[in-house]
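Peer 1: Once you've had a glance at the structure underneath, I'll fire off some questions.
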Amino acid sequence: MAETSLREQILALFLGAGDVFLSGEDISQRLGVSRAAIWKHISQLRELGYTIEAVPSRGYHLLSQPDLLLPAAVQAGLDTRCIGQRVEYFTETDSTNVRAQELAEHGALEGTVVIADSQSAGRGRMGRRWSSPAGVNLYTSIVLRPRMLPTQAAQLTFLSAVAVARTIEQVTGVKVTVKWPNDILLDGRKIAGLLNELSAEMEGVHHVVLGIGVNLNMTADQFPDDLRYPATSLLLHTGQPVCRLEFAQQLLRQLDELYQLFLRQGFVPIRLAWEALFELLGRTVEVDCGGQIFVGDVAGLAEDGALLLDLQGGGRQEIYAGDVTPLN
Ligand code: BTN
């Protein structure tokens, strides 16, 4: 049995048992390993910040856990249908999206989740970097295998945006807005970013990786100096630290719920939920598409995720990429 896997199994036993003592004998029998091996892994858990008391003739008792996103902790009490049935954790990796793509290519089940405490090469959109310091934020990527055409895959970006927005409100009470196509804003500052990557052929999607980065407890000095867009974190906004574990679990639940809805009812309820978070709906905007400028009223989202603009001169334009600026 792999070392981390035994540690995970011991942690899962503690978290599943509730506020009780587990004897070394009991753990040893349930997991089929020696008491010495159990002692070694309990010591490792303590080093990670788990407070586990040992009382002679009663056994071990988990008193408190650190805010770490170990798979057993993320999965404890996670009553989802699909998302999070498998969780892979890295203390540091280059990018969770890269790890998730690899797992997907090797046949990982739909709903597999990759989480990292830090990323050395976190990927943003348009080849940009996503700043990913350790111990403060959430960096996660989820493998999905929807039966859809590649042209529909953008729909899942809007699904992740709604899930992130709902989780932020649920955990902190703070309301956020969305910026087309895939930013989450708090008072006009970026609080989360989404990078969905697709593996597909003309006839259909092999898999989609939903990459989600949320600035939870980042401090001002941890943001890079060369940010293209003003950014913030929930800690900076509210003054209160956010429990990463609670946030990650709620996000996986929201994603699961919205994905089940999407599978049953298609894109329409997702589109409506996203449009409700979109402050520019109905507003007059200017869209700069790399030099070509369109001016019109925002009418909503198309099936393929394009922004629909009712042009001032008449007619409707579908926008696939561009910078949107409100005009009034
Ligand atoms: C953006 O707004 O530019 C998208 C940022 C996406 C960042 C997340 S963090 C988890 C996942 N892994 C990555 O390398 N990127 C995404």
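The values are calculated or read from the model by the stated rules, or taken from the named source; none is laboratory data. As the structure is a prediction and not an experimental result, all values here were calculated from the model. All Cβ positions, glycine included, derive from the backbone under ideal geometry; neighbour counts span all protein chains shown. Protein only, heavy atoms only, side chains kept; ligands, DNA and RNA dropped before computing areas. Shrake-Rupley method; radii C 1.70, N 1.55, O 1.52, S 1.80 Å.
Peer 1: Answer yes if at least one residue in the range 223-238 is in a loop (DSSP other than H, G, I, E, B), out of contact with any Phe, Trp or Tyr (no Cβ under 8 Å at 6 or more places or on another chain) and of a type in the set (S, T, N, Q), and no otherwise.
Peer 2: Yes, there is a match, as at least one residue in the range 223-238 is in a loop (DSSP other than H, G, I, E, B), out of contact with any Phe, Trp or Tyr (no Cβ under 8 Å at 6 or more places or on another chain) and of a type in the set (S, T, N, Q).
Peer 1: Let me ask you something else. So which of Asp187, Asp117 ends up being farther than 18 Å from Asp256 by Cα, acidic (Asp, Glu) and in contact with a Gly (Cβ under 8 Å, 6 or more places away or on another chain)?
Peer 2: Details: Asp187 fails: in contact with a Gly (Cβ under 8 Å, 6 or more places away or on another chain).
The unique qualifying residue is Asp117.
Peer 1: Identify the single condition in (1) more than 26 Å from Phe262 (Cβ to Cβ); (2) more than 9 Å from the ligand (Cβ to nearest atom); (3) aliphatic (A, V, I, L, M) that Leu144 does not satisfy, given that it satisfies every other one.
Peer 2: Leu144 satisfies all of (1) more than 26 Å from Phe262 (Cβ to Cβ); (2) more than 9 Å from the ligand (Cβ to nearest atom); (3) aliphatic (A, V, I, L, M) except (1).
Peer 1: Quick check on Arg123: is it within 14 Å of the chain's Cα centre (by Cα) and within 13 Å of the ligand (Cβ to nearest atom)?
Peer 2: Numbers: within 14 Å of the chain's Cα centre (by Cα): yes; within 13 Å of the ligand (Cβ to nearest atom): yes.
The answer is yes for Arg123.
Peer 1: Of Gly24, Gly77, Gly16, which residue is surrounded by fewer than 20 Cβ atoms within 10 Å (Cβ to Cβ), over 22 Å from Asn137 (Cβ atoms), touching a residue at least 12 places away in the same chain (Cβ under 8 Å) and touching a Gly at 6+ places or on another chain (Cβ under 8 Å)?
Peer 2: Details: Gly77 fails: touching a Gly at 6+ places or on another chain (Cβ under 8 Å); Gly16 fails: touching a Gly at 6+ places or on another chain (Cβ under 8 Å).
Unique residue meeting the criteria: Gly24.
Peer 1: Looking for whichever is touching a Lys or Arg at 6+ places or on another chain (Cβ under 9 Å) and of a type in the set (Gly, Ala, Ser) here; the options are Ala248, Ala321, Ala306, Ala299. Which one fits? Explain how you work it out, then say what you get.
Peer 2: Working: Ala248 fails: touching a Lys or Arg at 6+ places or on another chain (Cβ under 9 Å); Ala321 fails: touching a Lys or Arg at 6+ places or on another chain (Cβ under 9 Å); Ala306 fails: touching a Lys or Arg at 6+ places or on another chain (Cβ under 9 Å).
Of Ala248, Ala321, Ala306, Ala299, the one residue that is touching a Lys or Arg at 6+ places or on another chain (Cβ under 9 Å) and of a type in the set (Gly, Ala, Ser) is Ala299.
Peer 1: Let me ask something additional. Restricting the first residue to the range 180-194 and requiring it to be within 15 Å of Pro326 (Cβ to Cβ), which pairs with a second residue that is more than 10 Å from the ligand (Cβ to nearest atom) and of a type in the set (Ser, Thr, Tyr) meet a Cβ separation below 7 Å and a spacing of at least six or different chains?
Peer 2: From residues that are within 15 Å of Pro326 (Cβ to Cβ), the pairs are Leu185/Thr177.
Peer 1: For the range 29-50, how many residues meet the condition of being within 14 Å of Leu62 (Cα to Cα) and open to solvent by 90 Å² or more (accessible area, probe 1.4 Å)?
Peer 2: 2
Peer 1: Of all the residues that make up the range 122-152, how many are open to solvent by less than 10 Å² (accessible area, probe 1.4 Å) and under 15 Å from Phe267 (Cβ atoms)?
Peer 2: Qualifying residue count, the range 122-152: 2.
Peer 1: Take the residues of the range 66-125 that are in a strand (DSSP E or B) and among the hydroxyl-bearing types (Ser, Thr, Tyr): which is nearest to Gly18 (Cα to Cα)? Before the answer, list the steps.
Peer 2: We begin by selecting, within the range 66-125, every residue in a strand (DSSP E or B); these are 87-93, 113-119, 123.
Narrowing further to those that are among the hydroxyl-bearing types (Ser, Thr, Tyr): 89, 91, 93, 118.
Working: Tyr89: 23, Thr91: 26, Thr93: 32, Ser118: 30 Å.
The selected residue is Tyr89.
Peer 1: Can you confirm whether Leu216 is assigned to a loop (DSSP other than H, G, I, E, B) and within 27 Å of Asp79 (Cα to Cα)? Spell out the reasoning first.
Peer 2: Values: assigned to a loop (DSSP other than H, G, I, E, B): yes; within 27 Å of Asp79 (Cα to Cα): yes.
Criteria met by Leu216.
Peer 1: Taking the residues in the range 223-258 that are open to solvent by 60 Å² or more (accessible area, probe 1.4 Å) and modelled with pLDDT of 95 or more as candidates, determine which candidate is farthest from Arg189 (Cα to Cα).
Peer 2: At the first step, the residues of the range 223-258 found to be open to solvent by 60 Å² or more (accessible area, probe 1.4 Å) are 225-230, 236-237, 240-241, 246, 253, 257.
Next, only the ones that are modelled with pLDDT of 95 or more stay: 236-237, 240-241, 246, 253, 257.
On the way: Leu236: 11, His237: 10, Gln240: 18, Pro241: 18, Glu246: 23, Arg253: 25, Glu257: 27 Å.
Among those residues, the one meeting the criterion is Glu257.
Peer 1: Of the residues Gly291, Gly305, which single one is of a type in the set (Gly, Ala, Ser) and within 23 Å of the chain's Cα centre (by Cα)? Spell out the reasoning first.
Peer 2: Values: Gly291 fails: within 23 Å of the chain's Cα centre (by Cα).
Only one candidate passes the filter, namely Gly305.
Peer 1: Here is a further query. Can you go through Ala104, Ala100, Ala116 and tell me which one is crowded, with 22+ Cβ neighbours inside 10 Å, within 30 Å of Pro230 (Cβ to Cβ), within 16 Å of the ligand (Cβ to nearest atom) and in contact (Cβ under 8 Å) with a residue 60 or more places away in the chain? If you could, list the steps in order and put the result at the bottom.
Peer 2: Numbers: Ala104 fails: within 30 Å of Pro230 (Cβ to Cβ); Ala116 fails: in contact (Cβ under 8 Å) with a residue 60 or more places away in the chain.
Criteria check complete, one pass: Ala100.
Peer 1: Tell me which residues, restricted to the range 179-203, are among the aliphatic types (A, V, I, L, M), more than 12 Å from the ligand (Cβ to nearest atom) and not in a loop (DSSP other than H, G, I, E, B). Walk me through it before giving the result.
Peer 2: Within the range 179-203, the subset among the aliphatic types (A, V, I, L, M) is 184-186, 191-192, 194-195, 198, 200, 202.
Now drop any that are not more than 12 Å from the ligand (Cβ to nearest atom), which leaves 186, 198, 200, 202.
If the condition is that a residue be among the aliphatic types (A, V, I, L, M), more than 12 Å from the ligand (Cβ to nearest atom) and not in a loop (DSSP other than H, G, I, E, B), then Leu186, Leu198, Ala200 are the ones that fit.
Peer 1: Looking at His206 and the list (1) open to solvent by 40 Å² or more (accessible area, probe 1.4 Å); (2) not in a strand (DSSP E or B), which single condition is not satisfied?
Peer 2: Evaluating His206 over (1) open to solvent by 40 Å² or more (accessible area, probe 1.4 Å); (2) not in a strand (DSSP E or B) leaves (2) as the failure.
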